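Below is one structure; the comments refer to it alone.
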Ligand code: ADP
């Protein structure tokens, strides 16, 4: 088994008992099926060769086996799918947990596509968890049992079955080598196709507005044709190898029949012996097919594995190093901070101290690093060097990386310029922290002048699509205010607002009892601050206070 697939087995750790149960069910079910085939063949041989009707026990045994097989098939489906769904549910949660610590990465990549591919890959892995482990073990046990019985009847026949099993193993190996590169190619091309379609649909207004339909169509046609061509090659190879497997089973059955006819086996037993050989080898052929299918899952397994291994965006807080935040008002400090995106150095030796309760404005030209300061203050990322921390009234600095995530999120709220609202009502979106009441929400909507347009129970639509830019900006700010943080950091809260509405925001911010850091281009918005820090163009540097 390859690395990608063996990594999947690790997720089965908590399911040992369930796996043992399904192995027993599937194995007994397979052996029952074999007996169900051999028994009538035995009765047929007796009837045709000896002219004898089946003995009385035959019907009872046959009925018993049919009932047993029906119950086992049902139980097996139930157990296998139950097991698979439990593992998949854990895998989805593990992916979500990983994204929660790994994002937002400082590249601000669009992870929507990666996440939806990983979720689709996870669904594909259902096959692995539901139809692999128990089925392969059952086929192996069935093969061994069948070989033992065949060997008792005739050693050459057992040798034929062993040779057939060997040939089937060769087809699996062939499948792996022939389709490995092809499987990755199909996955990559299919994923490129879906990325192109999602991209075009996401920008449908631009596509229509700038008459880009033909270009998008042509691109999708080319990418689609490439994906279809690679899938076609993969499918042809898979079918040829499946045909090869069928040929192995047929040749083996023919060889057993020939041996039975020339050997010293009683004529009445010949049908039963041939069927015995078939039920010994056929499940092995099915197992070979399953193994072949598994190779198709390698890229899915690889992608899920890679997503689960995404590095965390910020250094995890170790519990022995955890610090408690001091009581009372909190300030914010960036000390000697340096920060670089891929190649752009934005901050170098940067210092900023905001005293507890102080309201500070940050101004500067576009690209000066203002939004980066906001992100660092909210510990969306760690600085490359230096310290970002919360400042107690006694001027003691508690680094953000030493506070539990829970405590940090309660203490500080960050409102990014491109922050998200979610589908659900205004109340669902804004009262999530539990720090404020519905009455506070209604008062806030009134104060910011949005109450006429949206009420607490209005649905916002996916990502808040039903709101104008200015309404969304005010709701994002209100969400942070209603969380009652001790430090509020806001990026361009008035950029989307007319002067009159901006004044409502100024009034709200001025009345806040907490520490406020507000980034803005608007002098009016900065005017409400106790002082304004002005960044110059290029890499922001400041000398220590
Ligand atoms: P401001 O908010 O002052 O306009 P930002 O903090 O957004 O500035 O950006 C500072 C600089 O960092 C800009 O030159 C910008 O191009 C660059 N930058 C911002 N975000 C990223 C990113 N995710 N990846 C690479 N460079 C970035």
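Taking the number of other C-beta atoms within 10 Å as the exposure measure, put 234, 278, 174 in order starting with the fewest.
174, 234, 278
Does anyone have the angle between helix 56-102 and the longest principal axis of the chain? Alpha-carbon axes, 0 to 90°, nearest 10?
Result, in degrees: 20.
Express in whole angstrom the spacing between the alpha-carbon centres of the range 209-270 and the range 303-324.
44
Please give the length that would be gained between residue 409 and residue 50 if that part of the chain were fully extended, namely 0.36 nm times their separation in residues minus their C-alpha to C-alpha distance (nm, one decimal).
Full-extension gain reported as 120.7 nm.
Based on Cα coordinates alone, diagonalise the gyration tensor for the range 219-314, multiply each eigenvalue by 5, take square roots, and list the semi-axes in whole Å, largest first.
Each semi-axis is √(5λ); the values are 46, 19, 7 Å.
When N counts the residues of the chain, how does its alpha-carbon radius of gyration compare numerically with 2.2 N^0.38 Å, as a ratio?
It is 1.41.
With N set to the number of residues, divide the alpha-carbon radius of gyration of the range 436-545 by 2.2 N^0.38 Å and report two decimals.
1.17
Please arrange 454, 172, 273 by counting, for each residue, the other beta carbons lying within 10 Å of its beta carbon, fewest first.
172, 454, 273
At 222 nm, what value in deg cm²/dmol follows for the chain if DSSP H runs of at least 4 each add -39500 (n - 2.57) and the sum is divided by all its residues, to the nearest 500?
Roughly -20500 deg cm²/dmol at 222 nm, from the helical runs in the chain.
Per residue and in Å³, how big is the convex hull formed by the alpha-carbon atoms of the range 331-534?
120
Would you mind ranking 406, 530 so that the residue whose beta carbon has the fewest other beta carbons within 10 Å leads the list?
406, 530
Return the ratio Rg/(2.2 N^0.38 Å) for the range 303-427, where Rg is computed over Cα atoms only.
1.16
Expressed as a whole number of Å, what is the distance separating the alpha-carbon centroids of the range 447-465 and the range 508-538?
Comparing the Cα centres of the range 508-538 and the range 447-465, I get a distance of 26 Å.
Work out the FRET efficiency for residue 63 and residue 6 from their Cβ-Cβ distance, taking R0 = 51 Å, and round it to the nearest 0.05.
About 0.75, to the nearest 0.05.
Write down the radius of gyration of the range 129-283 and its Dmax, each obtained from C-alpha positions, in Å.
Computed over the Cα atoms of the range 129-283, radius of gyration and Dmax are 24.8, 84 Å.
Could you give me D for the range 490-545, from Stokes-Einstein at 4 °C and 1.567 mPa s, where the hydrodynamic radius is the Kirkwood radius over C-alpha pairs? Units µm² s⁻¹, please.
Translational D for this selection: 103 µm²/s.
Residues of the range 68-103 with amide nitrogen under 15 Å from the 7 Å Cα-to-Cβ point of residue 14?
Only 83-98 fall inside the zone, counting backbone N under 15 Å.
Below 8 Å, C-alpha to C-alpha, sequence gap of six or more: please give me the relative contact order for the chain in percent.
Here the relative contact order equals 16 percent.
How much length would be gained if the chain were fully extended between residue 145 and residue 428, taking 0.36 nm per residue of separation minus their Cα-Cα distance, in nm to one decimal?
Going from the current span to full extension adds 95.8 nm.
Quick check: the distance between the Cα centres of the range 367-433 and the range 26-96, to the nearest angstrom?
The range 367-433 and the range 26-96 have Cα centres spaced 59 Å from each other.
Laboratory data are not the source of any read-out in this text; all were calculated from the coordinates shown. Since this is a predicted model, take the numbers as computed values, not measurements. Methodologically, a virtual Cβ is constructed for each residue, glycine included, from the backbone with ideal geometry; neighbour enumeration extends over all protein chains shown.
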